Amino acid sequence: MSLISLEGKRGLVVGIANEGSIAHGCAQAFRALGAELAVTYLNAKADPYVRPLAEALQASLILPCDVREPGQLEAVFDKIAQEWGRLDFVLHSIAFAPRDDLHARVTDCSRDGFLTAMDVSVHSFIRMAHLAEPLMTQGGCLQTVSFYGSEKVVEHYNLMGPVKAALESVTRYLAAELGPKDIRVHCLSPGPLKTRAASGINRFDELLARAAERAPMRQQVSVEDVGAYAAFLASDAARAVTGSVPYIDGGYNILG
């Protein structure tokens, strides 16, 4: 068997909204390498968009999951425990900030907006790690998604910059705590991608164009590019790597 394989592994993918989602690109890559998947959708409104994609991936479990709704995340992991009894990897690809706070200066963001953004975008990853730990009896891999705006000020990224910085720090702490159990933790940092979530950022098209013009490889990345790297990290080929924040951005992050 090829070392870069997910044959026999089972994974949970949280965050597919449509076919252009980062989570969908990752799910496709996981499945292409042989993984069995559980896929979640946000709510009844999202179900018709996500379910056909999950079925195309031959997902064994298709479950509702809004991390803001009490008990829903726990129900997902309870179902996985009942049906599978174990879990090998998790992809957390969700983030949210109230529109008014996202479009405002960080200086002006509301307390409630800040807490909501941190809860959905960061604490939910901690909750997933807590719930996944007892199911990863033979080790595993937890992955989440960040952006360069966590490290440098990116115009119009606003509140999500500090939020993603917190997510990257959480990744390192989880990696240190869970490493003795052979559970690896990573935070993918793609370049700008035209996803549904990104559409809420002001003048995002300009950021996309600028990244493609300036990146050393002179191209935009795709959700498939992110998926390929995520699948590698979930495989045994990356068994000695944890706590990383890999840039998948055509080299854009190396520029001043």
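Of all residues being under 17 Å from Phe89 (Cα atoms) and touching a Pro at 6+ places or on another chain (Cβ under 8 Å) in the range 144-186, which is surrounded by the fewest Cβ atoms within 10 Å (Cβ to Cβ)? Just the residue, please. This residue is His186. Of the residues making up the range 204-249, just one is among the acidic types (Asp, Glu) and in a loop (DSSP other than H, G, I, E, B), namely Asp249.
A quick yes/no check of all residues on (1) polar (S, T, N, Q); (2) surrounded by 14 or more Cβ atoms within 10 Å (Cβ to Cβ); (3) under 21 Å from Asp225 (Cα atoms):
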| residue | (1), (2), (3) |
| --- | --- |
| Gln28 | yes, yes, yes |
| Arg31 | no, yes, yes |
| Ala35 | no, yes, yes |
| Tyr41 | no, yes, no |
| Ala44 | no, no, no |
| Pro48 | no, no, no |
| Arg51 | no, yes, no |
| Ala54 | no, yes, yes |
| Gln72 | yes, yes, no |
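Checking each residue of the range 163-170 against the condition of being in contact with a helix residue (DSSP H, G or I) (Cβ under 9 Å, 6 or more places away or on another chain) and at pLDDT below 95 gives no match. Report whether or not Glu19 is under 18 Å from the mean Cα position of the chain (by Cα) and either of a type outside the set (Val, Ile, Thr) or buried (at least 21 other Cβ atoms within 10 Å of the Cβ) (or both). Yes.
Kindly establish whether Val185 is touching a helix residue (DSSP H, G or I) at 6+ places or on another chain (Cβ under 6 Å) and either farther than 18 Å from Gly161 by Cα or modelled with pLDDT of 95 or more (or both). Yes; evaluated as a whole, the condition is true for this residue.
Cβ-Cβ below 9 Å, separation at least six or inter-chain, first residue in the range 141-153 and closer than 24 Å to Arg127 by Cβ and free of Cβ contacts under 8 Å to residues at least 60 places away in the same chain, second among the basic types (Lys, Arg) and assigned to a strand (DSSP E or B): which pairs? So the pair list comes out as Leu142/Arg184.
The values are calculated or read from the model by the stated rules, or taken from the named source; none is laboratory data. Nothing here was measured: the structure is a model prediction, and the numbers come from that model. Reconstructed Cβ throughout: ideal geometry from the backbone, glycine too, with neighbour counts over all protein chains shown.
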